[in-house]
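Peer 1: One structure coming up, written as C-alpha cells, with questions to follow.
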Amino acid sequence: MLDPIWSLVIASALGMIGGLIPYKLFVSHLEESSSEEEFSARRQQGYYRYLIRHVSTQAIPILFLLYGMYFILSEGSASTSVTDVTPFLAAVILIIILGNLFPYLMVLPILRDPRTTEQMKNQTKGLYAVGSSLIIAVAIASLGMLILIFTGQV
C-alpha cells in the first residue's frame, strides 16, 4: 500500500509535469503568430484546447491527491510510516517553485520579441498567471495538507 504522504508528493509532481505539457503546446501555438490580430485569434482558439488538455492531464494527479487526503484524514497522519514531513514539504515547495519558473521561461521569448506589442505582452502575462496557477494547483493542495500534518492538526 502506498504511503499517503508519498501520494501527495507524487500528485504534486505529476500535476506539475502534466500541466506543463499542454501549457508548452499552447505557448508554442502562440509563438507562431506574426501579428497582433493573429495572436488574439490564436489565443482564443488555443485557450479552450489548452484547458481541455490540462483538465484531462490532471485526472491521475487528482486521484493520487484524493487517495492521500482520504487516508490521512480518515486514519490520521500518525498511522503513516513517515515520522518527519519536512523533506516532503521541501519537495512540494520545490515543485511549486519549478511550476512557476518553467511557464515563465516558456513565455519569455514572446515577452522579449521586439515585434510583440504591449497588448500582446499584457495578454501573455495574463496567460502566464492563469497557466502557472493551474499548473501548481495540485501542489498547493498537497502543501496545505502537509502543513496540517506538520503542525499536528491532522
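Peer 1: Largest first and in whole Å, give the semi-axes of the stretch 29-95's equivalent ellipsoid, each being the square root of 5 times a Cα gyration tensor eigenvalue. Each step should come with its number before you reach the end.
Peer 2: On the way: eigenvalues 345, 45, 9 Å².
One finds semi-axes of 42, 15, 7 Å for the stretch 29-95.
Peer 1: Here is a follow-up. Relative to the present Cα-Cα distance, how much length would full extension add between ILE52 and HIS29 at 0.36 nm per residue of separation? Could the numbers behind the result be given before it?
Peer 2: Details: separation 23, 0.36 × 23 = 8.28 nm, distance 1.52 nm.
Using 0.36 nm per residue and subtracting the Cα-Cα distance, I get 6.8 nm.
Peer 1: A follow-up question, please. Could you report the chain's accessible area per residue, 1.4 Å probe, as an integer in Å²?
Peer 2: Details: 8160 Å² over 154 residues.
Accessible surface, normalised per residue, equals 53 Å².
Peer 1: So, by mean Cβ neighbours within 10 angstrom, what's the order for 41-47, 67-73 with the highest one leading?
Peer 2: Details: 41-47: 14.6, 67-73: 18.3.
Highest mean packing first, the order is 67-73, 41-47.
Peer 1: Okay, next question. Just by accessible area at a 1.4 angstrom probe, what is the order of HIS54, HIS29 from largest to smallest? Walk me through the numbers on the way to the answer.
Peer 2: Values: HIS54 10, HIS29 35 Å².
Largest accessible area first, the list is HIS29, HIS54.
Peer 1: What percentage of the solvent-accessible surface of the chain, computed with a 1.4 Å probe over protein heavy atoms, is contributed by carbon and sulfur atoms? Don't skip to the answer; put the middle values down first.
Peer 2: Details: 5510 of 8160 Å².
Carbon with sulfur: 68 percent of the solvent-accessible area.
Peer 1: Which peptide among 16-25, 136-145 comes first, and what is the full order, when sorted by highest mean count of other Cβ atoms within 10 Å? Display every interim value, and only then the final one.
Peer 2: Details: 16-25: 19.5, 136-145: 22.4.
Listed from highest to lowest mean packing, they are 136-145, 16-25.
Peer 1: Of (i) 16.6; (ii) 17.3; (iii) 18.0, which one was derived for Kirkwood radius over Cα pairs in Å from the structure shown?
Peer 2: (i)
Peer 1: List the residues of the stretch 54-74 whose backbone N lies under 13 Å from a point placed 7 Å from the Cα of LEU2 along the Cα-to-Cβ direction.
Peer 2: Answer for this model: 59-71.
Peer 1: Tell me, in nm to one decimal, what length is gained between LYS125 and ALA59 on full extension, where the rule is 0.36 nm per residue of separation less the Cα-Cα distance?
Peer 2: Numbers: separation 66, 0.36 × 66 = 23.76 nm, distance 2.65 nm.
So the chain would gain 21.1 nm between LYS125 and ALA59.
Peer 1: Once you keep just the Cα pairs under 8 angstrom separated by 6 or more residues, what percentage relative contact order results for the chain?
Peer 2: Numbers: 166 pairs, mean separation 64.8, N = 154.
This gives 42 percent for the chain.
Peer 1: Under 18 Å from a point placed 7 Å out from the Cα of ILE140 along the Cα-to-Cβ direction: which residues of the stretch 85-112 have their backbone N that close?
Peer 2: Label zone hits: 92-104.
Peer 1: A further question on this structure: Please give the helix 59-75 orientation as an angle from the longest Cα principal axis of the chain, in degrees from 0 to 90, rounded to the nearest 10.
Peer 2: 30 degrees
Peer 1: A further question on this structure: For the chain, what does -39500 (n - 2.57) per DSSP helix run (n ≥ 4), summed and divided by total residues, give at 222 nm, in deg cm²/dmol to the nearest 500? List each step's numbers first, then the result.
Peer 2: On the way: 6 runs with 126 residues, N = 154.
Value at 222 nm, helices only: -28500 deg cm²/dmol.
Peer 1: Still on this structure, please answer the following. Cα axis of helix 118-135 to longest principal axis of the chain: angle in degrees, 0 to 90, nearest 10?
Peer 2: Around 20 degrees separate the two axes.
The values are calculated or read from the model by the stated rules, or taken from the named source; none is laboratory data. Predicted model only: the values in this text are computed from it and were never measured. Note that we place each Cβ from the backbone using ideal geometry, even for glycine, and neighbour counts take in every protein chain shown. Accessible surface is based on the protein model in full, side chains and every heavy atom, while ligands, DNA and RNA are left aside. Shrake-Rupley method; radii C 1.70, N 1.55, O 1.52, S 1.80 Å.
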